[in-house]
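Just so it is clear, none of the values below were taken in a lab; they were calculated from the coordinates. This one's a predicted model, so the numbers in the text were calculated from it and none came from an experiment. Ideal geometry is used to build each Cβ from the backbone, glycine not excepted, and the neighbour counts take in all protein chains shown.
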Amino acid sequence: MSELVDHLAELTGHRDRDVLDVTLVGALRDMLGTLSVSIYRSVGDTGQERWLTRARLVGDEVAAQADPAWSDLNDLPLLASHPSRVAAWRSERMIEIPGATHLTLFPVATDREVIGVLEIETIDGLDAQQQRMVASVLRIFRNFQGLLDYSERDSLTGLLNRKTFDESFLKASAEPSAAFGDHADGRRTVGDACSYWLGVIDIDHFKNVNDNFGHLIGDEVLLLLSRLMRGSLRTRDRLYRFGGEEFVALMRCHGPDSAALAFERLRDNTEHYAFPQVERITVSVGFTEVKPGDTPGGAFERADKAVYYAKAHGRNQVQYHEALVVRGDLEDASKVSDVELF
């Protein structure tokens, strides 16, 4: 019992979700003496979901294996390639697969949805007491993630909130360079070296929506736009609501053309979406490349200036800050801002 309490104390002592997953598989490996313990999460658009390895420990390994957050989705296994995981995920119940080694799979859920599967490989399988223990640990894991969501996510849209931006920005910009190429359809895949890009998305004339239709309809517009953002951008792009009608996206891709194409897809999808009662809204987008040594405030300020330019020149458009500077439409802020937003 004391070992379980110690592991739970360690598990709930972390705020980083990557570390949280690693701690969970490490705790279960130590308590159960498994051959392997893994957490897989479903990523990708509906119908094209893939399995992303969040954390996997085999035998006495010290460091957990994991797929990079920027992995090309096409390199990850399709859900259908692992039917036992799909069965646990969709049925939301434990599944046992006997064989040369025994697999026991548990659904991993948040308060909103089932997001993946915990897979435990043992020689003889888990007994009833061990199964109950794992199920209890997963309930604690779910409740703790719910607390993190409450503090880190916007209650209306479910997007990350403003106070998480600084930490996420610094962590993301410190990641090593990866490689992505660009397809004609805007899909970002493995290819040339890529970098981070930050975009600010602002709803045009949103005050008119609230004034003409009321704040309940305004909230519905914000919620629907957040869903359009998720559908228009990649699942691993970080999306934030900064308050009111202002949103931020932090993405990793190759070059300004690829970033512009992604934001243009969001702009076009928004313009042609039929919002209930309001019918049509548009968004203005400004984006910038995240530079070496950038601060969150400096990058945001550049993207925000591009948004203001878009709004002053017709709205419903995507503007790239650096291109505006080259054309002379904006002044060159040669020194990255040291002033933080918050």
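Quick notes on this one:
- Estimated FRET transfer efficiency when R0 is 56 angstrom, pair Gln277-Ile123 (beta carbons, to 0.05): 0.40
- Ordered by the count of other Cβ atoms within 10 Å of each Cβ, fewest first, Thr288, Thr110, Thr164 give Thr110, Thr164, Thr288.
- For the chain: lysine pairs under 18 Å (alpha-carbon distance), excluding those fewer than 8 apart on one chain: 6
- Built amide H within the under 5 Å cut-off of Arg153, gap 5+: Asn161
- A cut-off under 12 angstrom between Cβ atoms defines the neighbours of Arg90, and their net charge, with Lys, Arg +1 and Asp, Glu -1, is -1.
- Ranking of Arg142, Arg302, Arg327 by count of other Cβ atoms within 10 Å, fewest first: Arg327, Arg142, Arg302
- Added length on full extension, which subtracts the Cα-Cα distance from 0.36 nm per residue, Met133 to Arg90: 13.3 nm
- One decimal place: the segment Arg327-Asn74 gains 87.3 nm when fully extended, by the rule 0.36 nm per residue minus the C-alpha distance.
- Between Val62 and Ile217, full extension at 0.36 nm per residue minus the direct alpha carbon distance yields a gain of 50.6 nm.
- Going from the residue with the fewest nearby Cβ atoms within 10 Å to the one with the most, Tyr320, Tyr308 rank Tyr308, Tyr320.
- Each label point was placed 7 Å from the Cα along the Cα-to-Cβ direction; for Glu246 and Glu264 their separation is 2.7 nm.
- For Ser151 and Arg112, a Förster radius of 22 Å and the Cβ-Cβ distance give a FRET efficiency of 0.90, rounded to the nearest 0.05.
- The calculated FRET efficiency for the pair Asp30 and Lys171, based on their C-beta separation and a Förster distance of 35 Å, comes to about 0.80.
- Residue-averaged [θ]222 nm for the chain, counting only DSSP H segments that reach four residues, each worth -39500 (n - 2.57): -12500 deg cm²/dmol
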